[in-house]
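*Asks:* First the structure, then my questions, so here it is.
The values are calculated or read from the model by the stated rules, or taken from the named source; none is laboratory data. Only a predicted model underlies this, so the values are computations on that prediction, with no experimental measurement involved. Cβ sites come from the backbone with ideal geometry, for glycine too, and all protein chains shown count toward neighbours. Accessible surface is based on the protein model in full, side chains and every heavy atom, while ligands, DNA and RNA are left aside. Shrake-Rupley method; radii C 1.70, N 1.55, O 1.52, S 1.80 Å.
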Amino acid sequence: MVAALFGQMASAALQERARSSERQALYEASLALLSAGGLDEVLQQITDQARTLHQANGATIAIIDDATKEVVFRAVSSADPEVAARLHGMRLPLGTGVIGCAIEHQEPVLCNDAGKDPRFAAEVDKSS
């Protein structure tokens, strides 16, 4: 019974630490947004904060270019700045890749391993 109680206390402490990290990240993102110079800088700040918060290798914000019907990587955050530079501005036809399919069908996609997803855009992987 004591072990179970300690387990519950440890679990609660971990959850509180995660919430605290999320609050800190949101606070830092708010400060960054207040000082951002324009939309591109705001999007980059959001992408950087999301990648840090989720401890991800990379994160992107993509938009649709209505004129060309392409997905455009508008903001890219990566642990490797060279990868981010290569991917920034990359264009994919709407419906291509996991992100292109999500946008085309207007549905969120949970993908634990993008490389194993049949919709995965190999050209993005080659660039990164």
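*Asks:* Residue by residue, what Karplus-based ³J(HN,Hα) values in Hz, rounded to whole numbers, does the stretch 69-75 have, using 6.51, -1.76 and 1.60 with θ = phi - 60° and x for Gly and Pro?
*Replies:* Calculated HN-Hα couplings, in order: 6, 10, 8, 10, 6, 7, 9 Hz.
*Asks:* Explain nothing, just the number: dipole magnitude of the stretch 18-117 about its Cα centre with +1 on each Lys and Arg Cβ and -1 on each Asp and Glu Cβ, in debye rounded to the nearest 20.
*Replies:* Numbers: 8 positive and 14 negative charges, 32 e Å.
So the magnitude is around 160 debye.
*Asks:* Residue by residue, what Karplus-based ³J(HN,Hα) values in Hz, rounded to whole numbers, does the stretch 103-117 have, using 6.51, -1.76 and 1.60 with θ = phi - 60° and x for Gly and Pro?
*Replies:* Residue by residue, the stretch 103-117 yields 5, 4, 8, 6, 9, x, 10, 9, 9, 6, 9, 4, x, 9, 7 Hz.
*Asks:* Report Thr60's accessible area, 1.4 Å probe, all protein chains in place, as a number in Å² to the nearest 10.
*Replies:* 60
*Asks:* Show me the trypsin sites (Lys or Arg not before Pro) within the stretch 19-98 that DSSP assigns to loop and that have at most 16 other Cβ atoms within 10 Å of their Cβ.
*Replies:* On the way: sites: Arg19, Arg23, Arg51, Lys69, Arg74, Arg86, Arg91; in loops: Lys69.
Loop-located and lightly packed - Lys69.
*Asks:* In terms of solvent-accessible area of protein heavy atoms at a 1.4 angstrom probe, what is the ranking of Cys101, Cys111, highest value first? Before the final figure, lay out the partial values.
*Replies:* Working: Cys101 20, Cys111 45 Å².
In descending accessible area the options line up as Cys111, Cys101.
*Asks:* Determine ³J(HN,Hα), in whole Hz, for all residues of the stretch 16-25 in sequence, where each value follows from phi through the Karplus function 6.51 cos²θ - 1.76 cosθ + 1.60 and θ = phi - 60°; x replaces Gly and Pro.
*Replies:* Listing the rounded values in order: 5, 5, 5, 5, 5, 4, 5, 4, 4, 5 Hz.
*Asks:* Could you report the accessible area of Ile99 in Å², rounded to 10, computed with a 1.4 Å probe on the protein chains as they sit in the structure?
*Replies:* Here the accessible area works out near 50 Å².
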